[in-house]
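A.B. asks: My questions will all concern the structure given below.
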Amino acid sequence: MALGVRALRVHFCASRHFLKTTAVYHQRHFSENVSSKSKASAEPADHILYTQEHFALKDSLRKLIDQEINPFVDKWEEEGQFPAHRIFKILGSAGFLGVNKPVEYGGLGLDFSYSVAVAEELGNINCGGIPMAIGVQSDMATPALARFGSAELKNEFLLPSIMGEKVACLGVSEVGAGSDVASIKTTAVRKGDEFVINGGKMWTTTGTQADWMCLLANTSDGPPHRNKSLICLPMNLPGIHIARKIDKLGMRSSDTAEVFFEDVRVPCKNIIGQEGMGFTYQMLQFQEERLWGVANILTMMEKVVQETINYTRQRKIFQQPVLYHQVVHFRLAELQTEIELLRSLLYHCTALYIKGNDVTKLASMAKLKAGRLARELGDSCLQYWGGMGFTSDVLVSRFYRDSRLMSIGAGADEVMLSIICKYMDILPRK
Ligand SMILES: Cc1cc2nc3c(=O)[nH]c(=O)nc-3n(C[C@H](O)[C@H](O)[C@H](O)COP(=O)(O)OP(=O)(O)OC[C@H]3O[C@@H](n4cnc5c(N)ncnc54)[C@H](O)[C@@H]3O)c2cc1C
């Protein structure tokens, strides 16, 4: 049953931290949206997944994006970093970093469809790097902690992450292991009541700014799917070295770090859930990460198509707008059709997921299709901008660079294909 607007406000206000830190800010923004009936009722009343409360949440976030983030994106892209602590504090105070997390840890206690709605709305940020870092905080580094972590760990790491007081990062990939997660080499060896960690992580989003890492490490010599654990690792411990900030093709406003661990000592109680279950927890965590990524890039794709329509409508070649050439408007119509197909798959998959179904196959299909489509769409749209599309000044060129990651990160296209084959029972057995 749809959650009433009043109930949603109660959810927002139920968080004591929310009340403490942002009552004024958020009540103002959220109530503006809830009371602005004309705007909410402009959305389809019978949306397949979203209620009026989803739309109110999206409207509220949109205002925050337009005021606090978009005016500064170009500067942060140029600087190669955005101020994660400042932005997460604003988002966390308003409740956007934990919409589906438990109320007792500062979350809003809503289901994952609200996270998908938030991810979609974050697609209105004028770059890919900042939404990606927000997604790491809200839906990639924290789902396992929220589901399996002890109360003590949740108080220490989850609650401040949801409130935007601590910045989180996810340490899975290594120099020698990205797609093949099972082959990571970082070890956490038990010595008394501590783990001693050695090794390193690669491609760590927000790694230069993070306060803690959700670390995947080998905690025994057992078989690769049973010897790993997820550990909450404070990033200020002796022996943690940020080796470098990686220069990248895209996602430029998001800092990406290479991190080394040299005899880092962390209490054994920092383990998330059961020892040896880290690989399984991480695979579960990936489902939310992938759906989040699809939702986020859908909005960006739609925005790039719309900007391309606007540009080609006013740009004239051979005495008529670029858009009026059939090859152009037909192509844009085809891309919009593909976006709608992907959106249907995302909503279908999300609806099944919130009912407790295993959506690994469908989520992998959605992630695969999103990566493929983003590459096609970025290339086609950029073409219609001509030389302008090749400049750094336009969104389409930023999207072209940023969206390339979709087919690589969080499981490359080929990893998605392997998962789909496995579920179709057509993957040759070794
Ligand atoms: C900007 C950025 C941010 C990132 N953020 C994080 C983060 O915060 N935390 C984190 O843990 N990781 C992060 N990553 C890492 C990312 O998840 C990995 O890059 C990704 O999993 C691929 O691993 P890899 O780069 O080691 O490529 P490899 O594993 O070396 O794979 C290379 C290529 O091999 C191909 N391939 C893979 N599997 C198969 C197969 N079965 N059959 C045929 N071909 C195959 C694919 O085309 C793949 O791209 C980030 C990466 C980038 C670039």
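A.B. asks: If you take the residues in the range 92-118 that are over 25 Å from Ile272 (Cα atoms) and of a type in the set (A, V, I, L, M, F, W, C), which one is surrounded by the most Cβ atoms within 10 Å (Cβ to Cβ)?
C.D. replies: Applying the filter and picking the extreme gives Val118.
A.B. asks: Can you pull out every residue in the range 238-258 that is out of contact with any helix residue (DSSP H, G or I) (no Cβ under 9 Å at 6 or more places or on another chain), surrounded by fewer than 14 Cβ atoms within 10 Å (Cβ to Cβ) and assigned to a loop (DSSP other than H, G, I, E, B)?
C.D. replies: Residues satisfying the conditions are Pro238, Asp247.
A.B. asks: Just give me the residues in the range 172-203 being in contact with a Leu (Cβ under 8 Å, 6 or more places away or on another chain) and within 6 Å of the ligand (Cβ to nearest atom), in sequence order. I'd like the intermediate steps shown before the answer.
C.D. replies: So the first thing to find is which residues in the range 172-203 are in contact with a Leu (Cβ under 8 Å, 6 or more places away or on another chain), and the list is 172, 181, 184, 186, 188, 197, 201.
Val172, the sole residue that qualifies.
A.B. asks: Determine which member of the set Glu275, Glu307 is over 30 Å from Glu152 (Cα atoms), more than 16 Å from the ligand (Cβ to nearest atom), among the charged types (D, E, K, R) and buried (at least 16 other Cβ atoms within 10 Å of the Cβ). So that I can check it myself, show each step before the final result.
C.D. replies: Numbers: Glu275 fails: over 30 Å from Glu152 (Cα atoms).
Sole residue among the options that is over 30 Å from Glu152 (Cα atoms), more than 16 Å from the ligand (Cβ to nearest atom), among the charged types (D, E, K, R) and buried (at least 16 other Cβ atoms within 10 Å of the Cβ): Glu307.
A.B. asks: Quickly run through the range 204-226 and pick out the residues that are closer than 20 Å to Gly149 by Cα and assigned to a strand (DSSP E or B).
C.D. replies: Trp212, Met213, Cys214, Leu215, Leu216, Ala217, Asn218
A.B. asks: For residues that are within 30 Å of Val103 (Cβ to Cβ) and of a type in the set (Gly, Ala, Ser), scanning just the range 160-198, find the one that is nearest to the chain's Cα centre (by Cα).
C.D. replies: Let us first name the residues in the range 160-198 that are within 30 Å of Val103 (Cβ to Cβ), namely 160-172.
Then drop every residue that is not of a type in the set (Gly, Ala, Ser), which leaves 161, 164, 168, 171.
Working: Ser161: 14, Gly164: 15, Ala168: 12, Gly171: 15 Å.
Top of the filtered list is Ala168.
A.B. asks: Restricted to the range 376-430, and to residues that are of a type in the set (S, T, N, Q) and surrounded by fewer than 17 Cβ atoms within 10 Å (Cβ to Cβ), which residue is nearest to the ligand (Cβ to nearest atom)?
C.D. replies: To start, the set of residues in the range 376-430 that are of a type in the set (S, T, N, Q) comprises 380, 383, 391-392, 397, 403, 407, 418.
Subsequent filtering for residues that are surrounded by fewer than 17 Cβ atoms within 10 Å (Cβ to Cβ) retains 383, 391-392, 418.
Numbers: Gln383: 24, Thr391: 23, Ser392: 18, Ser418: 5 Å.
Ranking the qualifying residues of the range 376-430, first place goes to Ser418.
A.B. asks: Just to be sure before I move on: is Ala188 closer than 24 Å to Glu79 by Cα and in contact with a strand residue (DSSP E or B) (Cβ under 6 Å, 6 or more places away or on another chain) in the structure I sent?
C.D. replies: On the way: closer than 24 Å to Glu79 by Cα: no; in contact with a strand residue (DSSP E or B) (Cβ under 6 Å, 6 or more places away or on another chain): yes.
No: the conditions fail for Ala188.
A.B. asks: For Glu334, work out the one condition from (1) acidic (Asp, Glu); (2) within 16 Å of the ligand (Cβ to nearest atom); (3) over 25 Å from the mean Cα position of the chain (by Cα) it doesn't fulfil.
C.D. replies: Just one mismatch for Glu334, condition (2).
Matching residues to (1) surrounded by fewer than 22 Cβ atoms within 10 Å (Cβ to Cβ); (2) closer than 29 Å to Gly106 by Cα; (3) modelled with pLDDT under 95:
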{"residue": "Glu156", "(1), (2), (3)": "yes, yes, no"}
{"residue": "Ser161", "(1), (2), (3)": "no, yes, no"}
{"residue": "Glu165", "(1), (2), (3)": "yes, yes, no"}
{"residue": "Val172", "(1), (2), (3)": "no, yes, no"}
{"residue": "Gly178", "(1), (2), (3)": "yes, no, no"}
{"residue": "Lys185", "(1), (2), (3)": "yes, no, no"}
{"residue": "Val189", "(1), (2), (3)": "yes, no, no"}
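A.B. asks: Related question: For the structure I just gave you, tell me whether Lys166 is within 14 Å of the ligand (Cβ to nearest atom) and either of a type in the set (Lys, Arg) or part of a loop (DSSP other than H, G, I, E, B) (or both). Let's see the steps before the verdict.
C.D. replies: On the way: within 14 Å of the ligand (Cβ to nearest atom): no; either of a type in the set (Lys, Arg) or part of a loop (DSSP other than H, G, I, E, B) (or both): yes.
Here the answer is no, as Lys166 does not meet what is asked.
A.B. asks: I would also like to ask the following. Mind listing whichever residues of the range 239-253 are within 14 Å of the ligand (Cβ to nearest atom) and not basic (Lys, Arg)? Full working, then the answer.
C.D. replies: From the range 239-253, those within 14 Å of the ligand (Cβ to nearest atom) are 242, 244-253; that's our starting set.
The answer is Ile242, Ile246, Asp247, Leu249, Gly250, Met251, Ser253.
A.B. asks: Report, by residue number, each residue of the range 126-141 that is crowded, with 24+ Cβ neighbours inside 10 Å, more than 10 Å from the ligand (Cβ to nearest atom) and either under 9 Å from Asn296 (Cβ atoms) or not small (Gly, Ala, Ser) (or both).
C.D. replies: Correct list: Cys127, Ile130, Pro131, Ile134, Gln137, Asp139.
A.B. asks: Evaluate the following for Tyr347: is it among the aromatic types (Phe, Trp, Tyr), more than 14 Å from the ligand (Cβ to nearest atom) and over 29 Å from Thr256 (Cβ atoms)?
C.D. replies: So Tyr347 passes the test.
A.B. asks: For Asn218, indicate whether it is over 24 Å from Ile246 (Cα atoms), surrounded by 19 or more Cβ atoms within 10 Å (Cβ to Cβ) and without any contact (Cβ under 8 Å) to a residue 60 or more places away in the chain.
C.D. replies: Numbers: over 24 Å from Ile246 (Cα atoms): yes; surrounded by 19 or more Cβ atoms within 10 Å (Cβ to Cβ): yes; without any contact (Cβ under 8 Å) to a residue 60 or more places away in the chain: yes.
Yes.
A.B. asks: I'm told Pro234 meets every condition in (1) over 18 Å from Gly135 (Cβ atoms); (2) out of contact with any Phe, Trp or Tyr (no Cβ under 6 Å at 6 or more places or on another chain); (3) modelled with pLDDT of 95 or more; (4) not aliphatic (A, V, I, L, M) except one. Can you identify the failing condition by its number?
C.D. replies: (2)
A.B. asks: Give Glu53, Glu120, Glu104 a once-over and let me know the one that is farther than 29 Å from Ser254 by Cα, in contact with a helix residue (DSSP H, G or I) (Cβ under 7 Å, 6 or more places away or on another chain), assigned to a helix (DSSP H, G or I) and modelled with pLDDT of 95 or more. I'd like the intermediate steps shown before the answer.
C.D. replies: On the way: Glu120 fails: farther than 29 Å from Ser254 by Cα; Glu104 fails: in contact with a helix residue (DSSP H, G or I) (Cβ under 7 Å, 6 or more places away or on another chain).
Being farther than 29 Å from Ser254 by Cα, in contact with a helix residue (DSSP H, G or I) (Cβ under 7 Å, 6 or more places away or on another chain), assigned to a helix (DSSP H, G or I) and modelled with pLDDT of 95 or more holds for just one of Glu53, Glu120, Glu104, which is Glu53.
A.B. asks: Further question: Which condition number does Val259 fail, the rest of (1) aliphatic (A, V, I, L, M); (2) more than 14 Å from the ligand (Cβ to nearest atom); (3) in contact with a Lys or Arg (Cβ under 7 Å, 6 or more places away or on another chain) being met?
C.D. replies: The number of the failed condition is (2).
The values are calculated or read from the model by the stated rules, or taken from the named source; none is laboratory data. What you see is a predicted model; the values in this text were computed from it and never measured. A quick note on method: Cβ atoms are made from the backbone with ideal geometry, for glycine too, and the neighbour counts reach across all protein chains shown.
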